[in-house]
Amino acid sequence: MREITMHNLQQIVEEISVAWFNRPFVDKARYNNRLQTTGGRYLPGKRIIEINPKYLQELGQEETIGIIKHELCHYHLHIEGKGYGHRDPEFRELLRQTKSPRFCNMLPSVKEKKLLYYRCTKCKHVYKRRKTVNTRKYGCGKCGGKLKKLENTELLEK
């Protein structure tokens, strides 16, 4: 198998399809920079496979090949008119046969993002968030109390 680059994704997907599924991939494969939380996706309406290029850059070729195989499982089952969803037994069986991963690993750049912590002043419930919360606008979902953003030193006290 050749090395995956940003320019030869289509050929690599076609090669993997023939090698692992014994069927040709006759549609389009492309990178999608807007994908944030997933390694790839199959669009059945357009019959397009989209791959997140960050997985190739951060986790390398082996992880990207796993993602391509996973998306090809969706593709080939859809073409055959079989159940291609994650919960369908046909999909799970094809994943097993082709040694495709069910999930992809988390990107290191996503893991590095710091969490923000907020504590309710009334019931003391702690909320973990990736994005900042407007504490003047939003309150505790459990008791309706005011939220206070916690600093690192306050997390240790608890």
Any residue on another chain or 5+ positions along whose placed amide H is under 5 Å from the amide H of Tyr31 is listed here as Ile51
The stretch 39-129 - percent of accessible surface contributed by carbon and sulfur, probe 1.4 Å:
51
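What does the charge count around Met6 come to, taking other residues whose C-beta lies under 15 Å from its C-beta (Lys +1, Arg +1, Asp -1, Glu -1)?
That works out to 0.
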Cβ-based net charge around Arg23, under 15 Å, with every Lys or Arg adding one and every Asp or Glu removing one:
-3
So who's got an amide H within less than 5 Å of the one on Ile48, skipping anything under 5 residues away but keeping other chains? H placed 1.01 Å off N, in plane.
Leu43
Go from 0 up to the bin containing the longest alpha carbon distance in the stretch 35-101, width 5 Å each, and give me the % of pairs per bin.
3, 19, 28, 24, 17, 8, 1
When the dipole is taken about the Cα centre of the chain, and only Lys, Arg (+1) and Asp, Glu (-1) are charged at their Cβ, what size is it in debye, to the nearest 20?
1520
Surface per residue (accessible, 1.4 Å probe) for the chain, Å²
66
Just tell me which lysines come within less than 23 Å, Cα to Cα, of Lys146; anything on the same chain fewer than 8 places away is out.
Lys114, Lys122, Lys124, Lys128, Lys131, Lys137, Lys158
Per-peptide average of other Cβ atoms within 10 Å, ordering 66-72, 82-88, 35-41 highest first
66-72, 35-41, 82-88
Phi to ³J(HN,Hα) by Karplus 6.51 cos²θ - 1.76 cosθ + 1.60 over the stretch 21-31, Hz, x for Gly, Pro:
10, 6, 9, x, 9, 9, 9, 10, 10, 8, 8
Apply the Debye scattering formula to the stretch 57-158, with a single equal point scatterer on each alpha-carbon and no solvent, then give log10 I(q)/I(0) at q = 0.13, 0.17, 0.20 Å⁻¹.
-0.70, -0.77, -0.90
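The values are calculated or read from the model by the stated rules, or taken from the named source; none is laboratory data. All of these numbers come straight from a predicted model, not from anything done at the bench. Cβ sites come from the backbone with ideal geometry, for glycine too, and all protein chains shown count toward neighbours. Each accessible area value is taken on the protein alone, full model and side chains, heavy atoms only, with ligands, DNA and RNA left out. Shrake-Rupley method; radii C 1.70, N 1.55, O 1.52, S 1.80 Å.
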